[in-house]
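Laboratory data are not the source of any read-out in this text; all were calculated from the coordinates shown. Given the structure is predicted, the values throughout are model-derived calculations rather than measurements. Glycine gets a Cβ as well: all are built from the backbone with ideal geometry, and neighbour counts include every protein chain shown.
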Amino acid sequence: MSEFGALSLVPPLLAIVLAIVTRRPILSLFLGIWSGGVIATGSIGIGQTFGWITESIGDVFHANILVFTLLLGSGVALIWRLGGATAVRNWATTRLASARAVGLATWVLGILLFFDDYANTAIVGSTMREISDQLRISREKLSYIVDSTAAPVATLGLSSWVAFQLSMIDEGYASLVEHEDYDVAAADTPGAFETFVGSIPFNIYSLLAIVMVGIIVLSRRDYGEMLTAERRSRRTGNVTREDANPLQEVEADLGEPIETKPMLRTFFAPIVVLIVVTLIGAFWTGYQEWVIEQDEAGATTSLEAAMSDAGTVQVLVDIVGASDFAAALVWGSFAMVVTAIVIGLAYDLFDIGDSVDTVLDGFSIMLTAVTVLVLAWSISAVAEDLGTGDYVAAAAEGVVSPALLPIVVLFVAAFVAFTMGSSWATMGIVTPIAITVAYDITGAFDLMPVIIGAVFSGAIFGDHTSPISDTSVLSSTFTGADLIDHIRTQLYYASTVLLVVVICYALFGYLDVPPAIYLPLGVILLVGLVYGLSSADAARRGVEPIAETTDHEQPRERE
């Protein structure tokens, strides 16, 4: 239990409330961190406040992500400057003739780029923003589609997320083995990979969040603040709210692109290089670490022999688990920048001086996003030092039964992620505790996949609804949306999915309904809720649930 008790909730909740009310995330985050410094030190807390901020910057993983974000900004700036975005817009205009087609393409692209959520948001957001604007899709809607496919997809495929999840499951089982009250041997615990695979049907929020995006895109129905945003965008051409503060606005910051020779290769070549170099880098770092682990264990270092003994999938999972995805993303983004510069010089679109200027301009358009990221990590460090997650998790331990446990774990993980702004931190805190509680209640491992799925579901939901979440920040950044507008509009859809998730867990826990039944039922419920809520909200406003451009208006032309 946290020594600060309920006071440990004050900093993250203060930052979240202020961000939503004032729409000023940077100021709100700083005040939240400062309040944590006051609580921790019992004094003015300025030294502790900046200590957390500098520690967040100094963390190797965070530093790599910051460099990746800045380089990605330069890559986006170079592609824009060289006319790559113009070429994609011209190509897509003839093939993606409707908002539904653009939304569907964005959704599919988000599902395909499963290997990392940061890269997913950057690539999909940057790729689809131009054509999305032209067809008057609000930036809020685009940001929702990007955000609600990035992290959920990354929790289900071979990615950096899965690697971290496996390590947390291992840590949870290790805590059982080391626990003096339990007679559990290491050989008695299931494998981490076996548990993870078993947890996929119970990671209901991630599965249904992806489905929800498809339902919204295909039905074209909206409700809540998203309906307001879509009606504004379709009828006025203003893809953002009039007084919105987008975290990135390429057009305003970089000026007009070079349109003398717009080429698709200018857009796609750097992005392909980013993906390929990142994946190769991740595999290489994982393989190098795997070899070291094999040497230390006195086992064979032959990859072929290991695959023959343990199985190809298990070895690949081990390699992915050992990968340094953050470093690989830096290499990939640097390669992306170099590729764009080479294309610009080869086709005589600019000289070396212009390329350097564009790279620096790219850094500048990411400064707001980088600042918010650093402060979001810092508020997470505040919550960790004050024991926010431990306090919430411990408070929920005594109120559970086997049937209710998945729902309790879901809400605990959701609240921890909401207040800390980090799915990874949430999984790190809640997973070992949830595994211990589940074993304490049942005395067996049968419930572990369900509990792990509930942790992941809650962590992603909390991430989607928190304005201090790094993935929300990056989704807003690369789609050019206002961060708080993105959170406020996405909240309605994420909450709808959460309601269905709770129903599915209740069906499983109390009626023993298997995933093969509750997942299709959950999809049906989502469809019914989308149609019902959109119709009710539209009727209340006296409008249609499908926002359309008026007949006399034409799609917005670029200025």
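Results, tabulated for the structure shown:
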item	result
Rounded to 10°, Cα long-axis angle of helix 352-365 versus longest principal axis of the chain	50
Rounded, prolate or oblate (a/c below 1.5 giving rounded, otherwise prolate when a/b exceeds b/c) for the stretch 359-436 by Cα gyration tensor	prolate
For the chain: relative contact order, % (alpha-carbon pairs under 8 angstrom, 6 or more apart)	27
Pairwise Cα inverse-distance average, inverted: Kirkwood Rh of the chain (Å)	24.3
Residue 303-residue 187 pseudo-label distance in nm [points 7 Å out on the Cα-to-Cβ vector]	3.3
Estimated inter-spin distance, residue 289 and residue 354, nm [label 7 Å along Cα→Cβ]	4.2
Extended-chain gain in nm, criterion 0.36 nm per residue less alpha-carbon gap, residue 539 and residue 495	13.8 nm
Alpha carbon convex hull of the stretch 334-392, projected area averaged over orientations, nm²	5.6
Efficiency of FRET between residue 235 and residue 93 - r from beta-carbon atoms, R0 25 angstrom, step 0.05	0.75
0 to 90° range, to nearest 10: angle between helix 515-541 axis and the chain longest Cα axis	50
Ordering of 306-317, 327-338, 462-473, 282-293 by burial proxy (mean other Cβ atoms within 10 Å per residue, highest first)	462-473, 327-338, 282-293, 306-317
Acute angle (nearest 10 degrees) that the helix 225-236 long axis makes with the longest principal axis of the chain, alpha-carbon atoms	10
Relative contact order (%) - the stretch 413-559, alpha-carbon pairs under 8 angstrom, separation at least six	19
Relative contact order, percent, the stretch 378-473 [alpha-carbon distance under 8 Å, six or more residues apart]	36
Modelled FRET efficiency - R0 25 Å, residue 225 with residue 100, Cβ distances, 0.05 increments	0.75
Per residue Cα convex hull volume in Å³ - calculated over the stretch 258-371	146
